[in-house]
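Step one of this worksheet: look at the structure below.
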Ligand SMILES: [Zn+2]
């Protein structure tokens, strides 16, 4: 094995290591963007949507999730967003008045 092929091997190793460091860094960065989106989404009862928008769109996704309507209604005690049919708040565990939203089923 001569010096040229050794150098080639070495540069291949270096570039593939740089590639994987780049990929790990990218995954880490996208996860952080997603986690920030998750924080914004959780406030509006849309945690998963917030994570996905943050992950794929970054700051644009954060703005989108902040523009979306909350998924549910607000607890009168703590103003946290709870699902429409919930009977107890998941944030402060106070009892909620029955939902006034019409039920959507097969017949009604
Ligand atoms: Zn509450």
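Throughout, read-outs are computed from the coordinates displayed, never taken from laboratory work. Since we're looking at a predicted model, the values are computed, not measured. Every residue, glycine among them, receives a Cβ derived from its backbone with ideal geometry; neighbour counts consider all protein chains shown.
A few remarks follow.
- Pairwise centroid distance, computed over Cα atoms, of the stretch 22-43 with the stretch 62-96, Å: 23
- Taking label points 7 Å from Cα along the Cα-to-Cβ direction, residue 27 and residue 95 give a separation of 4.9 nm.
- Peptide packing: for 55-65, 85-95, the average count of neighbouring Cβ atoms within 10 Å per residue gives the ranking 55-65, 85-95, highest mean first.
- Spacing of the two label points (7 Å from each Cα toward its C-beta) at residue 86 and residue 63, in nm: 3.0
- For the peptides 36-45, 70-79, residues were scored by their other Cβ atoms within 10 Å and the scores averaged per peptide; the highest-first order is 36-45, 70-79.
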